[in-house]
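Okay, structure first, notes after.
Bear in mind these aren't lab numbers, they're just calculated from the coordinates by the rules spelled out. The shown structure was predicted, so the numbers you read here are calculated from the model rather than taken from an experiment. A quick note on method: Cβ atoms are made from the backbone with ideal geometry, for glycine too, and the neighbour counts reach across all protein chains shown.
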Amino acid sequence: MPDFLDSKRREIDDRLRELKPLLDEYEQLETAAKALGGLAGRTSPRAAVNGRRKRGRARASRSVRGKAAVAPKSGTPAKRPPGRRKGSGTRAAEALAVVRAQPGVTIPELAAKMGIQQNYLYRVMPSLERDKKVRKRDKGWHPAD
């Protein structure tokens, strides 16, 4: 009986020595796949086992998903990241210059003159109106001066 156990122990040890390099290679490949998954938006084949997303676009952070994200536990609205206000960029300045040059201009005319989409101006012009730089009369925009 001891000969049988010794021979089986030797067989197992030999097989473990054969498999050890494969296991090391597997772990290296798994680490590389995880690293590449984080860069390219894909995950390793084991991702489904770990409960992570398998494919597709990465999920947005809490502050990006909703316009009025709520801070965890407090129930108060989260602060917006610092940046410029709507309507304070160069497009707003360009729109203001066109309105001053051509009072009564409509948004479709403004968009054609500026070479941009109308929907952008439907967001920019009300903010210029709130800043009292332009005013809307009938269907056209006029300088507030």
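Between residue 26 and residue 98, what is the label-point separation in nm under the 7 Å Cα-to-beta-carbon projection?
Each label point is offset 7 Å from its Cα along the Cβ direction, giving 6.3 nm.
Work out from phi, with θ = phi - 60° and the Karplus expression 6.51 cos²θ - 1.76 cosθ + 1.60, the ³J(HN,Hα) of each residue of segment 125-134, listed in order in whole Hz, and give x for Gly and Pro.
Karplus-based 3J(HN,Hα) across segment 125-134 equals 5, x, 6, 5, 5, 5, 7, 6, 9, 9 Hz.
Take the Cα radius of gyration of segment 90-143 and divide it by 2.2 N^0.38 Å, with N its residue count; two decimals is plenty.
0.95
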